[in-house]
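The values are calculated or read from the model by the stated rules, or taken from the named source; none is laboratory data. Keep in mind the model is a prediction, meaning the values are calculated, not measured. Cβ: placed from backbone, ideal geometry, glycine included. Neighbour counts: every protein chain shown.
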Amino acid sequence: MKREITCIGCPMGCLISAEVENGSILSMSGYTCPRGEIYAKQELTTPERAITTLIRCAGATPLSVKTASGVPKAKIPECLAAIHAAKVTLPVKEGQVVLHNVCGTGVDVVATRDISGSWLMVSG
Amino acid sequence: MMERQLDLLIVGGGPAGLAAAIPAHDAGCRDILILEREQHLGGILRQCIHSGFGLHIFKEELTGPEYAQRYVQMTLERNIPYQCDTMVLDIAPDRTVTATSPVHGVQVFRPKAVVLAMGCRERPRGALGTPGTRCSGIYCAGTAQRLVNLEGFMPGKRIVILGSGDIGLIMARRMTFEGAKVLAVVELMPYSSGLKRNIVQCLDDYGIPLLLSHTVTDIRGRERLEGVTVSKVGPDRKPIPGTEIQYDCDTLLLSCGLIPENELSKTAGVTLDRATAGPVVDQHLCTNVSGVFACGNVLHVHDLVDNVSEEAEEAGKQAAAYVAGTASDVRLVAEVEDGEGVRGLVPRRITGTVTAPVKLMFRPANVYKDAQLETLVDGEVVATRKARIFTPGEMVTALLLPKFLPQDGKCHKVSMRIVQ
Ligand SMILES: Cc1cc2nc3c(=O)[nH]c(=O)nc-3n(C[C@H](O)[C@H](O)[C@H](O)COP(=O)(O)OP(=O)(O)OC[C@H]3O[C@@H](n4cnc5c(N)ncnc54)[C@H](O)[C@@H]3O)c2cc1C
Ligand code: SF4
């Protein structure tokens, strides 16, 4: 099967054409750097996405979080549901793990900002 | 009223303002003040919870809040003074800055140098001329982003997005994650102005259709939005009758571009460029007003914050040099003009003795495949670069080497064009 994907490794957005049969790549062209080649191989066989979303915290602004690395693309809905259902106790520090091994992916979910009640409200 | 003398005043505490303050401090300029109208430092990045920031500067992919926090941290470590919740109201051509805040009331500053780092704002609905009723449920995409990501409020459940700029694309995914249904992203032009990566990861991944060469031709609803009509447009960008598609939606997000926020630059007497809507600057980010520098999205709308930080660093260094009395010479040696296919070249002016490559940035006016970028000096092509694609969604950076610019005391013309 012929597949065309856009490399997202950098803003170049190279168009990569490939021939894929039963999950293996027969031929591939269009990438212009090694990172593109790595990306295309993965995207065509085992696509992953890092997730960024919010966890609601009672009485505070929502906590922005991310998966520490990519999770299988097919597992995004399941992971989102688990992340949204997670409970966090404040205060939270940037980089703190708020959910371990989300949906058995082996990937942790970490906070991307501090929430203590006030986020840098100090004045100098 | 008490006037405060100081060395360097920075207007705006977003990535640009902070990235200017840090090298200025490190260059020995210690009498700095950053003024920020929001309650926090960090600028627009605080609401950009997605990742994709920092690959160039930090060699890792960060989310907006994380990227902003790194600069906030560097600012705090240096004890660079800042004042939040403070709105700058006016900058006079003699650099007198008037600001107001609930805590300090009206304040007047007389800095030796000013860095403009006010960022940009979204093109409002009025500027778009969208027809139909004036019901609720219509938001600028960035406003919706702020509501969802910082205030935890969902604007609606069934959504159509007009404009395929990055903020619209990012919001399509964000709203999907929050349980809303995004029916379509509608783009007037035959191409998206958003980054490829965002089209792939925000729309394609979730099966959200991107309707190119389409626009919203009617808006229905009395109090709350009930639906929109979308039509195909011809090459003249006029709707084609008979192509109407009806969407039942309660929310319409507008993502139709950003405009640099330059009201203050105007009062300061800074000349603005028609193509970028930002100040005309030289390669040192110096405006036509002595001691006033500009960087970040107030200068031209960037798509990568890393470029903002890099540009701001130069502005900060130059502002510190100006304060120290070691500013570079501002004698004009070249004027920079947009050629075919090139829009909004920054900088517009090249000044002084050019010893280092001059970084020129612009947006392609259209999509060009297998094209060549040419740099011309006084009408002669001096450098060329081939690329498989140039698109308006992706800013182009090119270097002009000093050897191509005759150092003969005359003012030369530099231009760039894209040829197919
Ligand atoms: C929705 C969205 C998505 C984006 N996505 C990406 C992305 O994926 N990757 C990427 O690299 N970049 C992205 N960007 C771009 C990035 O956010 C900007 O490049 C960056 O924030 C620009 O920094 P800045 O400091 O110039 O402007 P801002 O961040 O806008 O900061 C300007 C600051 O000045 C303050 N200010 C303005 N006027 C006044 C005044 N009169 N008085 C006092 N303070 C004032 C504002 O409150 C603000 O804090 C995105 C931008 C937006 C809007
Ligand atoms: S192939 Fe390389 S240059 Fe092209 S988009 Fe991917 S990472 Fe960028």
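Observations, loosely collected:
- Tallying residues that are of a type in the set (A, V, I, L, M, F, W, C), assigned to a loop (DSSP other than H, G, I, E, B), touching a Leu at 6+ places or on another chain (Cβ under 9 Å) and at pLDDT 95 or above within the range B:276-306 yields 5.
- Here B:Leu8, B:Leu55 are screened, and the one residue that is within 16 Å of ligand 2 (Cβ to nearest atom) and at negative phi is B:Leu55.
- The range B:177-199, subset at the interface with another protein chain (Cβ under 9 Å from one of its Cβ atoms) and within 18 Å of A:Leu54 (Cβ to Cβ), residue nearest to ligand 2 (Cβ to nearest atom): B:Phe177
- Any chance A:Glu78 is away from ligand 2 (no atom under 16 Å from the Cβ), in contact (Cβ under 8 Å) with a residue 12 or more places away in the chain, out of contact with any helix residue (DSSP H, G or I) (no Cβ under 9 Å at 6 or more places or on another chain) and among the charged types (D, E, K, R): no
- When residues of the range B:191-211 are limited to those that are of a type outside the set (S, T, N, Q) and touching a residue at least 40 places away in the same chain (Cβ under 8 Å), the one surrounded by the most Cβ atoms within 10 Å (Cβ to Cβ): B:Gly194
- Lone qualifier among A:Thr32, A:Thr61 - being assigned to a loop (DSSP other than H, G, I, E, B) and either over 30 Å from B:Arg388 (Cα atoms) or touching a His at 6+ places or on another chain (Cβ under 8 Å) (or both): A:Thr61
- Residue, surrounded by the most Cβ atoms within 10 Å (Cβ to Cβ), within the range B:379-399, restricted to residues that are within 14 Å of another protein chain (Cβ to nearest Cβ) and without any contact (Cβ under 8 Å) to a residue 60 or more places away in the chain: B:Phe390
- Elements of the type strands (runs of 3 or more DSSP E) sitting completely within the range B:328-378 and holding at least 2 residues that are surrounded by 18 or more Cβ atoms within 10 Å (Cβ to Cβ) and of a type outside the set (A, V, I, L, M): these cover B:349-351, B:358-364, B:368-377.
- Residue match in the range B:72-95 (condition: within 14 Å of ligand 1 (Cβ to nearest atom), under 18 Å from the mean Cα position of the chain (by Cα) and crowded, with 23+ Cβ neighbours inside 10 Å): no
- For the range B:104-123, the criterion of being over 19 Å from the mean Cα position of the chain (by Cα) and without any contact (Cβ under 8 Å) to a residue 40 or more places away in the chain is satisfied by at least one residue.
- Counting the residues of the range B:61-102 that are assigned to a loop (DSSP other than H, G, I, E, B) and either modelled with pLDDT under 95 or more than 10 Å from every other protein chain (Cβ to nearest Cβ) (or both) gives 8.
Residues checked against (1) at pLDDT below 90; (2) buried (at least 17 other Cβ atoms within 10 Å of the Cβ); (3) assigned by TED's automatic domain parsing to the domain that holds A:Ala81; (4) more than 16 Å from ligand 2 (Cβ to nearest atom):
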position: A:Ile8; (1), (2), (3), (4): yes, yes, no, no
position: A:Cys14; (1), (2), (3), (4): yes, yes, no, no
position: A:Val20; (1), (2), (3), (4): no, no, no, yes
position: A:Gly23; (1), (2), (3), (4): yes, no, no, yes
position: A:Leu26; (1), (2), (3), (4): no, no, no, yes
position: A:Pro34; (1), (2), (3), (4): no, no, no, no
position: A:Glu37; (1), (2), (3), (4): no, no, no, no
position: A:Lys41; (1), (2), (3), (4): no, no, no, no
position: A:Ala60; (1), (2), (3), (4): yes, yes, yes, yes
